[in-house]
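Participant: This structure is in structure tokens; I'll ask about it shortly.
Just so it is clear, none of the values below were taken in a lab; they were calculated from the coordinates. Just so you know, these numbers come straight off a predicted model, no measurement behind them. Neighbour counts run over all protein chains shown; Cβ positions are idealised from the backbone, glycine included.
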Amino acid sequence: MTVFVGGQKYCFSLEDISKGHCDKMREWVRDQPNQRFTINRSKLAFEAILDFHLTGVLHMPLSVCPELFKEELDYWEISHKKLELCCLTRLSSYFRDKSLLKDYKTSGLCLPEKYKSSPKSSVTKCLRKLWDILNCRGNSLETRVSCVSFLQ
Ligand SMILES: [Zn+2]
């Protein structure tokens with residue numbers, strides 16, 4: 001049996017593929033009378049699915065985006081719970097981080113407090129500059145310009 005996925009050719013015996021672990025792939029094979037078909041999916045993700053089908057062990061390739069891999073699992077109707085612990089951890093931490101980032105974006109806290117620009121921080125900046133001037137620190141052109149503009 002020959003399958004083309006993302007331009008890559010895969011050959012395997014009908015016997016091996018018809019007794020694999022992925023139900024949807026077994027159905028696919030059963031419905032292909034000519035034993036030669038093309039799947040328009042990512043070949044990297046497909047290889048992991050194929051490995052799972054043949055061995056029953058599911059890992060997520062390092063070079064595949066977890067988002068894309070989850071879509072692939074959904075397409076092949078494989079639960080993410082079938083992933084080995086190493087890769088289940090990676091997938092779940094990706095989705096946890098993604099949801100955290102979404103929360104940060106909606107709350108406007110995408111940067112830690114000290115990096116945020118706010119009226120309070122510009123007041124602090126001004127006070128620091130004034131403190132530098134009063135202590136005769138910062139003898140730079142910028143300090144002198146600030147001093148002049150402060151006095152006007
Ligand atoms: Zn793994």
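Participant: Per 0.36 nm of contour for each residue apart, how much would the distance between residue 11 and residue 125 grow if the chain were fully extended, relative to their Cα-Cα spacing?
Facilitator: Length gained, residue 11 through residue 125: 34.3 nm.
Participant: Now for a different question. Dividing the Cα convex hull volume of the stretch 18-112 by residue count, how many Å³ per residue is that?
Facilitator: 113
Participant: Could I have the simple spin-label model distance between residue 31 and residue 86, label points 7 Å from Cα toward Cβ, reported in nm to one decimal?
Facilitator: For the pair residue 31/residue 86, the computed spacing is 3.4 nm.
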